[in-house]
Amino acid sequence: MKIAIASGKGGTGKTTIATSLAHLAATDGRTVAYLDCDVEEPNGHLFLKPQILREEPINKLIPVVDADRCTHCGLCSQACRFGAIACVGQQTLIFTELCHSCGGCLLVCPQEAIREVPKPIGLLRIGTSGPLQFVEGVLNVGEAMSPPAIHAVKDAAPDVDLTILDCPPGTSCPVIESVRGCDHLLLVTEPTPFGLNDLKLAVEMARALKLRFGVAVNRANTGDREVWSYCRRQRIDILAEIPDDRAVAEAYSRGEIVVESVPQVAECIRSLLETLQSGAPA
Amino acid sequence: MKVAVTAQGADLDSPVDPRFGRAKYFLLVDTDSGEFTAHDNVQNLNALQGAGIQAAQAVVNLGAQAVLTGNVGPKAFTTLQAGQVAIYPHASGTVRQAVEQWRSGNLQPAAKANVEGHWS
């Protein structure tokens, strides 16, 4: 089973909940993997402190033009919906940072003048944290496109009973790439206008992708009650309400897994884990 | 000689559009005859990315030998340079005034992009 932990808003507690869920499930004796899909800012390792056993480069494929064969006909430039190719005069220019590795330019080139070569964009780190399998991707600084790196993280996932995917914030391509194919999506929010606004966006995304999803409200005893009203109106299940507790912040700041340090939160997360795995209503 | 000027409207009295890749129009002005044609840039104006590159390619294909505009980023600059188009940023006022500034030698050709790209 694959459970993705996402949110619209950043800083709602995705990693706190994801690392806690993974750690709890792994210590229960099941085979569990934690995947850090937030490749632009992976921080699950700060809490899980994995022993890294293997590192591999992450590559994306980019087109290269054979200048001898190219007739500068411009078909590749017309085909590229990402605007990454320009044919001007006697030159065909490829701006690799805009390339989405779709391979369209290869297909349309009548001269077969384009081939794909790998370009390193990041690093895959694979290891273990106690009984837990750990995979994270780290995107190179300055690299604009994270989905290929997220794809590599998911490809490297071991075959286990339960996979926890810690997703990046937002609702754009990196999140879509992360949550695609999961069995259950948990949207973490907080009871503030910002949390609610971004939760609505995340719900729209989950519905567009036809994913089974539920909500976890973090710092549930703060802010206002609008998240609850919204979820009731939209018939969205709130699967967990995690109280605001200074002890959580203190454990977090020390890099501890919250379920190890704060017993009342551990109870909350354990019940959430059971709900997520039980196939509770969507 | 043909000069492309980025414009916010389709005539010579329109203000120069300070943006190159996402300019509303390109006015292709024949500096000998004073005649011009207007080319809308709506496709690049709404592009998710690569607007500068594609706008530059369009300008090259129009046969312009120089571009007068406000700002040019690095990818547009590279593309225009490959197409052997001279680049004059910091143009202002109306298109007509920009062409006059250029004609009287008051615009300096750029040796590199004058603004940063949006991706790095």
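The values are calculated or read from the model by the stated rules, or taken from the named source; none is laboratory data. For clarity, every value in this text was computed on a predicted model and none was experimentally measured. Every residue, glycine among them, receives a Cβ derived from its backbone with ideal geometry; neighbour counts consider all protein chains shown. Note: areas computed on protein heavy atoms with side chains; ligands, DNA, RNA excluded. Shrake-Rupley method; radii C 1.70, N 1.55, O 1.52, S 1.80 Å.
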request  = Can you work out which of the residues in segment A:55-66 that are touching a residue at least 60 places away in the same chain (Cβ under 8 Å) and in contact with a Leu (Cβ under 8 Å, 6 or more places away or on another chain) is surrounded by the most Cβ atoms within 10 Å (Cβ to Cβ)?
outcome  = A:Ile58
remark   = All-but-one check, B:Tyr88 against (1) within 14 Å of chain A (Cβ to nearest Cβ); (2) of a type in the set (Phe, Trp, Tyr); (3) in contact with a Phe, Trp or Tyr (Cβ under 7 Å, 6 or more places away or on another chain), failing number (1)
query = If B:Ala58 satisfies every condition in (1) among the aliphatic types (A, V, I, L, M); (2) open to solvent by less than 10 Å² (accessible area, probe 1.4 Å); (3) assigned to a helix (DSSP H, G or I) but one, which is the exception?
reply = (2)
request  = Test A:Cys87 against the criterion of being over 21 Å from the mean Cα position of the chain (by Cα), buried (at least 22 other Cβ atoms within 10 Å of the Cβ), within 14 Å of chain B (Cβ to nearest Cβ) and outside any strand (DSSP E or B), and give yes or no.
outcome  = no
ask   = Looking at segment A:245-259, is at least one residue touching a helix residue (DSSP H, G or I) at 6+ places or on another chain (Cβ under 7 Å), farther than 16 Å from A:Ser20 by Cα and not in a helix (DSSP H, G or I)?
value = no
inquiry  = Could you list, ordered by first residue, the pairs with Cβ atoms under 6 Å in which the first is in segment A:214-235 and under 22 Å from A:Val248 (Cα atoms) and the second is open to solvent by 70 Å² or more (accessible area, probe 1.4 Å) and assigned to a loop (DSSP other than H, G, I, E, B), at least 6 apart or interchain?
reply    = A:Arg219/A:Asp244; A:Asn221/A:Asp244; A:Thr222/A:Asp244
note = How many residues of segment B:91-120 are within 14 Å of another protein chain (Cβ to nearest Cβ) and surrounded by fewer than 18 Cβ atoms within 10 Å (Cβ to Cβ)? The answer is 5
query = Which one of the conditions (1) out of contact with any Lys or Arg (no Cβ under 9 Å at 6 or more places or on another chain); (2) modelled with pLDDT of 95 or more; (3) assigned by TED's automatic domain parsing to the domain that holds A:Cys167 does A:Cys105 fail to meet, given that it meets all the rest?
reply = (3)
ask   = What number of residues within segment B:3-37 are in contact with a Leu (Cβ under 6 Å, 6 or more places away or on another chain), under 13 Å from B:Ala64 (Cβ atoms) and open to solvent by 10 Å² or more (accessible area, probe 1.4 Å)?
value = 3
message = Can you find a residue that is touching a strand residue (DSSP E or B) at 6+ places or on another chain (Cβ under 8 Å) and within 13 Å of another protein chain (Cβ to nearest Cβ) anywhere in segment A:121-128?
response = no
key: Lone qualifier among A:Val135, A:Val160, A:Val153, A:Val175 - being in a loop (DSSP other than H, G, I, E, B), at pLDDT 95 or above and in the same structural domain as A:Ala6 (by TED's automatic domain parsing)   = A:Val160
task = Starting from residues that are open to solvent by 20 Å² or more (accessible area, probe 1.4 Å) and among the small types (Gly, Ala, Ser), keep the ones in segment A:205-261 and report whichever is nearest to A:Gly170 (Cα to Cα).
result = A:Ala208
query = Just a yes or no: is a residue in segment B:67-81 open to solvent by 40 Å² or more (accessible area, probe 1.4 Å), part of a loop (DSSP other than H, G, I, E, B) and either within 14 Å of chain A (Cβ to nearest Cβ) or not aromatic (Phe, Trp, Tyr) (or both)?
reply = no
key: Hits in segment A:93-120 (condition: of a type in the set (A, V, I, L, M) and either open to solvent by less than 30 Å² (accessible area, probe 1.4 Å) or within 13 Å of chain B (Cβ to nearest Cβ) (or both))   = A:Leu93, A:Ile94, A:Leu98, A:Ala113, A:Ile114
message = Of the residues A:Gly74, A:Gly13, A:Gly29, A:Gly8, only one is on the phi > 0 side of the Ramachandran plot and out of contact with any strand residue (DSSP E or B) (no Cβ under 6 Å at 6 or more places or on another chain); which?
response = A:Gly29
inquiry  = Just checking, does segment B:28-35 include any residue being more than 11 Å from every other protein chain (Cβ to nearest Cβ) and touching a residue at least 40 places away in the same chain (Cβ under 8 Å)?
reply    = yes
task = Look through A:Ala18, A:Ala22, A:Ala33 and report the one residue that is closer than 27 Å to A:Ser101 by Cβ and in the same structural domain as A:Pro131 (by TED's automatic domain parsing).
result = A:Ala33
inquiry  = Taking the criterion of being touching a Ser or Thr at 6+ places or on another chain (Cβ under 8 Å) and without any contact (Cβ under 8 Å) to a residue 60 or more places away in the chain, would at least one residue in segment B:59-75 satisfy it?
reply    = yes
